[in-house]
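The values are calculated or read from the model by the stated rules, or taken from the named source; none is laboratory data. Everything numeric here is computed off the predicted structure, so don't read it as measured data. So basically every Cβ, Gly included, is an ideal-geometry build from the backbone, and we count neighbours across all protein chains shown.
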Amino acid sequence: MTDAIPCLILGGYLGAGKTTLINGLLSRHHGKQITVLVNDFGAINIDAALINNKDGDTLSLTNGCACCSIGDSLLETADRVVRGENPPDLLLVEASGAAEPGRMKQILMGVPGLKAAQCLTVVDASTFQKRLRDKFVGKLVRAQLKQADCLYINRLAEGKEPEDPVLASLNKPRMTSAQEVFRYLGALGAEKTDLSVDLGAEKEAAEALQTFTLPIPADMERKDLQAKLTRLPTSIHRLKGILTLKERGADQVFTVQGNGQDCTFVKTEPRNRDIPSGLVLIGPVSDQDRRRITDLLTTAQL
Amino acid sequence: MQLAALFVRLTRKPDMSDITVFTARRIHTMSASQPHAEAVAVRDGLILEAGTLDSLKPWTDRYGATVDERFKDKTIFPGFVDPHLHPSLGAVLLPSYFITAMEWSLPDRKVPATKGRDGYLQALKEGFEKEGASRDVFVTWGYHQLWHGDLTKADLNAVSKDHPIVVWHRSFHELILNDAAIAHIGVDQEVMERHPQINAEIGRFSETGAKVVMAGLKDFLFNPARFLEGLQSLLQVIHLGGHTTVADMAYGIFDFEQEWMAFNAMINRDEVPLRVLMVPKGLPEDGAKESPADAVKVIDGLADRSNDKLFFDRRVKFFTDGAIFSELMQMEEPGYIDGHEGEWLMVPELFEERVRAFWTAGYRIHVHCTGNLGHELAIDVLEKLQREHPRLDPCYTIEHFGVSTEEQVQRLKQFGGRVSANPYYVHELGEAYWVKSIGFERASQMVRLGTLMRENVPFALHSDFTMAPAEPLKNAWVAVNRLSESGKVLAPEEKIPVHQAMKAITIDAARIIGLENSIGSIRSGKKADFTVLDDDPYEVAPETIKDITVHATVFEGRVFEVIKE
Ligand SMILES: [Zn+2]
């Protein structure tokens with residue numbers, strides 16, 4: 001069938017980074033209509049300005065995308081989307097952390113008008129080894145890898161290639177950045193229509209992955225900065241820096257690392273009197289977002 | 001004399017009813033302090049006391065009494081309690097036509113054991129002739145290839161070419177449809193051809209393929225009239241089994257509101273001799289928006305609707321691993337012989353997080369576990385929660401207790417857990433799983449009740465109906481004899497004595513669901529719920545306990561005889 005809708009299962013264990021990917025995808029302007037079926041509707045975090053309509057367990061967005069809760073039956077929910085008035089260019093299905101993607105692929109085979117699903121399993125490089133050894137989920141995590149068509153190795157220490165023997169033995173296509181994943185999705189979504197807009201293409205550069213450094217005023221209180229960081233968009237997936245801040249009125253140098261939701265401040269001995277107090281932020285953000293973030297972090301007020 | 005009569009009249013509360021004394025050949029009270037009695041006095045639905053006609057005199061002399069001797073040749077037990085079954089699943093299944101390898105006693109039919117392919121086809125033909133025309137879709141349940149051989153679409157087409165026939169597998173995970181049924185639910189041609197778990201040629205839909213059929217049959221199976229018919233039938237099944245109290249051990253399995261409406265309409269009535277403890281399935285489910293703390297509030301909110309017949313008691317049900325009938329229990333090494341893996345019904349971390357929220361809110365937790373790795377997770381979480389936030393009350397029950405280890409039982413004991421077991425696995429699956437699934441040692445030792453006794457862990461027996469027949473005496477029979485389907489004794493060390501088995505369907509079952517102060521034994525002050533048997537399980541040969549018939553139940557003092565066809 002030529003007009004069958006392509007489908008991708010986003011697999012991987014709890015906390016691997018599926019939701020961050022989905023939030024990033026739904027918030028971008030890419031000209032594709034993508035419907036995402038999610039497990040945990042509560043974790044979807046989209047700027048209110050992007051939401052067009054909310055109807056029960058379906059969110060329609062201004063960029064043409066939609067997000068629905070899978071509910072009791074994946075088969076029936078997917079069937080409803082495909083038969084709907086406005087079928088998407090691409091159906092993305094988030095697997096629950098306990099799910100085996102192979103079984104979900106089979107369930108989706110029961111949906112007329114849907115292409116045989118591909119599976120992308122997200123691997124959290126920082127916790128993966130521990131998960132594999134876990135007595136309860138080791139086998140499940142392994143099955144999620146084995147049943148994948150390709151892998152997204154997330155949270156890889158910068159510049160490092162995954163050297164894990166398990167991953168190496170799998171011999172599956174790997175992606176190591178969200179950007180690559182978006183590009184891959186763009187290619188999948190193009191199969192249905194002649195739209196060849198690449199989700200990760202250069203013309204989307206405004207929202208492509210950016211690395212930028214902001215000067216943080218040295219009179220900012222540590223706890224104020226910490227509070228501000230929780231207000232960052234989730235698309236900022238990494239931040240780091242050595243900052244001079246006030247701790248109860250006194251100067252103190254900190255090494256800061258993490259992301260907005262989960263960030264550590266470690267007291268550090270100043271090696272050099274004039275360390276530039278800069279925070280490096282990494283993530284796909286629009287110019288508008290970037291201005292907002294700059295305003296937020298470069299003024300001392302809360 | 002006259003003065004005495006006047007005194008009686010004056011001191012008697014004007015609204016108090018008469019006393020009825022039931023006599024029996026023997027009353028097994030299930031109270032260790034007075035195990036046997038010959039008569040029991042009942043007033044206003046409560047037991048005054050049990051003893052002999054003579055010992056009851058302080059009551060009967062003073063107030064007078066009607067002596068009801070209709071059970072004088074019978075044996076009376078406390079009303080049977082099933083602490084884990086699923087009324088909603090029963091309501092969906094029961095309107096189907098049963099053709100099963102094992103015997104099933106249903107109120108409106110006695111289902112004989114049907115074995116062999118020829119036997120199955122014959123029974124199918126007869127069933128269709130009897131009921132086919134009256135149903136839009138003729139659904140029959142109970143087929144299993146181990147007993148009935150291979151069955152294909154062609155066999156069903158031979159029974160009827162143009163009336164939809166659906167054969168629903170014993171495990172619920174597979175269906176076989178004739179052409180008319182495939183056309184009726186409108187399975188997409190492309191799906192038929194490409195789906196890896198649909199065999200178009202022979203009309204077989206298994207596992208994920210079965211979901212396609214179930215989605216197509218939803219309107220038929222869950223049609224309200226059919227559901228109410230099924231619920232009516234379920235109430236008869238429960239009565240026939242001799243139950244007076246059951247627990248719905250996953251209320252909301254389909255839908256909280258619709259189930260409540262149907263139950264309230266059918267069960268909350270004077271003429272229904274049954275009360276149901278409602279144990280909601282734990283939230284949040286995958287996909288729900290609420291946090292675990294908010295989920296506790298949602299479940300709290302359900303309790304407001306309690307009435308005398310359907311009530312809540314701050315209990316909640318969770319799940320670890322997959323269904324035993326589908327071989328999806330999570331197994332520790334060395335796992336399954338064929339190397340396949342079980343499944344988690346909930347991510348282990350989420351299971352822990354959700355259980356913790358209810359534990360700290362003071363709920364009592366019931367955890368479905370089937371494989372030994374499933375048990376390990378449930379007991380790990382119990383240990384963790386006991387260390388974080390110790391509780392002395394009996395607040396954690398393992399449900400089903402399929403494949404476990406002796407060490408797990410010891411650790412369960414150590415941390416205050418208890419067990420509600422389904423012994424029927426031993427009978428129906430023991431031999432099949434020995435040969436094909438997990439080998440002799442682990443299969444024969446499934447549901448290790450003897451170990452529970454040795455370690456002194458409190459336990460009850462349940463049916464998990466529709467997974468096993470809702471017949472407490474059949475469960476007691478399995479627990480006592482451990483006879484496999486073909487009659488082999490499996491792990492004799494795990495047998496339990498008759499008295500322990502009878503306690504496990506009465507007082508110990510009441511204890512497992514926290515109702516031991518009002519039901520479960522025959523003693524002064526408890527509800528007058530009795531199960532009246534035609535024979536005495538303590539006296540018959542143990543292998544025949546399952547054949548004892550239930551004569552009647554007494555619910556809060558009122559007699560409900562079992563109508564036999
Ligand atoms: Zn159950």
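List of remarks:
- Taking the criterion of being away from the ligand (no atom under 15 Å from the Cβ), under 20 Å from residue B:83 (Cα atoms), away from every other protein chain (no Cβ under 14 Å) and not in a loop (DSSP other than H, G, I, E, B), the residues of the stretch B:360-403 that qualify are B:364, B:396.
- Boolean, residue B:299 is touching a residue at least 24 places away in the same chain (Cβ under 8 Å), in contact with a helix residue (DSSP H, G or I) (Cβ under 9 Å, 6 or more places away or on another chain), more than 14 Å from chain A (Cβ to nearest Cβ) and closer than 27 Å to residue B:429 by Cβ: no
- Residue that is surrounded by the most Cβ atoms within 10 Å (Cβ to Cβ) [pool: residues in the stretch B:323-355 that are in contact with a strand residue (DSSP E or B) (Cβ under 8 Å, 6 or more places away or on another chain) and facing chain A (nearest Cβ under 10 Å)]: B:330
- Entry remark, the stretch B:205-219: residues being over 22 Å from residue B:132 (Cα atoms), of a type outside the set (A, V, I, L, M) and either in contact with an Asp or Glu (Cβ under 6 Å, 6 or more places away or on another chain) or in a helix (DSSP H, G or I) (or both) number 4 in total.
- Filter result for residue A:52 (surrounded by 21 or more Cβ atoms within 10 Å (Cβ to Cβ) and not aliphatic (A, V, I, L, M)): no
- Counting only residues that are part of a helix (DSSP H, G or I) and either touching a Lys or Arg at 6+ places or on another chain (Cβ under 6 Å) or within 14 Å of chain A (Cβ to nearest Cβ) (or both), the stretch B:260-296 holds 5 of them.
- Every condition in (1) surrounded by fewer than 20 Cβ atoms within 10 Å (Cβ to Cβ); (2) more than 13 Å from chain A (Cβ to nearest Cβ); (3) in contact (Cβ under 8 Å) with a residue 60 or more places away in the chain; (4) of a type outside the set (Lys, Arg) is met by residue B:306 except one, and the failing one is (3).
- Qualifying residue in the stretch B:64-78 (condition: surrounded by fewer than 21 Cβ atoms within 10 Å (Cβ to Cβ) and under 23 Å from residue B:461 (Cα atoms)): no
- Pairs meeting the criteria (first residue in the stretch B:84-103 and within 14 Å of another protein chain (Cβ to nearest Cβ) and at pLDDT 95 or above, second residue more than 14 Å from the ligand (Cβ to nearest atom) and part of a helix (DSSP H, G or I), beta carbons under 6 Å, at least 6 apart or on different chains) are lacking.
- Filter result for residue A:132 (over 22 Å from residue A:184 (Cβ atoms), facing chain B (nearest Cβ under 9 Å) and in contact (Cβ under 8 Å) with a residue 24 or more places away in the chain): no
- Flag for residue A:69 being surrounded by fewer than 24 Cβ atoms within 10 Å (Cβ to Cβ), within 11 Å of chain B (Cβ to nearest Cβ) and within 20 Å of the chain's Cα centre (by Cα): yes
- Search result, residues across the stretch B:243-281 that are within 14 Å of the ligand (Cβ to nearest atom) and either among the aromatic types (Phe, Trp, Tyr) or free of Cβ contacts under 8 Å to residues at least 24 places away in the same chain (or both): B:251, B:254
- Test: residue B:294 is away from the ligand (no atom under 16 Å from the Cβ), outside the structural domain of residue B:179 (by TED's automatic domain parsing) and either free of Cβ contacts under 8 Å to residues at least 40 places away in the same chain or in contact with a His (Cβ under 6 Å, 6 or more places away or on another chain) (or both): yes
- Here residue B:316 clears all of (1) touching a helix residue (DSSP H, G or I) at 6+ places or on another chain (Cβ under 6 Å); (2) part of a helix (DSSP H, G or I); (3) more than 12 Å from chain A (Cβ to nearest Cβ) except the condition numbered (2).
- Any hit, the stretch B:138-146, residues being within 32 Å of the chain's Cα centre (by Cα) and among the small types (Gly, Ala, Ser): yes
- Odd one out for residue B:435, checked against (1) among the hydrophobic types (A, V, I, L, M, F, W, C); (2) in a loop (DSSP other than H, G, I, E, B); (3) free of Cβ contacts under 8 Å to residues at least 40 places away in the same chain: (2)
- Hits in the stretch B:76-118 - residues which are of a type in the set (Phe, Trp, Tyr) and either under 28 Å from residue B:506 (Cα atoms) or within 16 Å of the ligand (Cβ to nearest atom) (or both): B:77, B:80, B:104
- Those residues of the stretch A:28-58 which are in a loop (DSSP other than H, G, I, E, B), away from chain B (no Cβ under 12 Å) and within 24 Å of residue A:184 (Cα to Cα), in sequence order: A:28, A:29, A:30, A:31, A:32, A:33, A:45, A:46
- Residue A:103 being assigned by TED's automatic domain parsing to the domain that holds residue A:38, at pLDDT 90 or above and assigned to a helix (DSSP H, G or I): no
- Among the residues making up the stretch B:177-204, those that are within 13 Å of chain A (Cβ to nearest Cβ) and either under 23 Å from residue B:90 (Cβ atoms) or assigned to a loop (DSSP other than H, G, I, E, B) (or both) are B:186, B:187, B:188, B:195, B:196, B:197, B:200.
- Checked across the stretch B:73-81, the condition of being out of contact with any Phe, Trp or Tyr (no Cβ under 6 Å at 6 or more places or on another chain), among the aromatic types (Phe, Trp, Tyr) and either farther than 25 Å from residue B:400 by Cα or assigned to a helix (DSSP H, G or I) (or both) holds for no residue.
- Residue B:37 fulfils the conditions (1) modelled with pLDDT under 95; (2) among the aliphatic types (A, V, I, L, M); (3) within 37 Å of the chain's Cα centre (by Cα) except for a single criterion, (1).
- Residue list for the stretch B:109-147, filter: without any contact (Cβ under 8 Å) to a residue 12 or more places away in the chain and not charged (D, E, K, R): B:112, B:122, B:134, B:145
- Only residues that are assigned to a helix (DSSP H, G or I) and surrounded by 24 or more Cβ atoms within 10 Å (Cβ to Cβ) were counted across the stretch B:410-423, and they come to 1.
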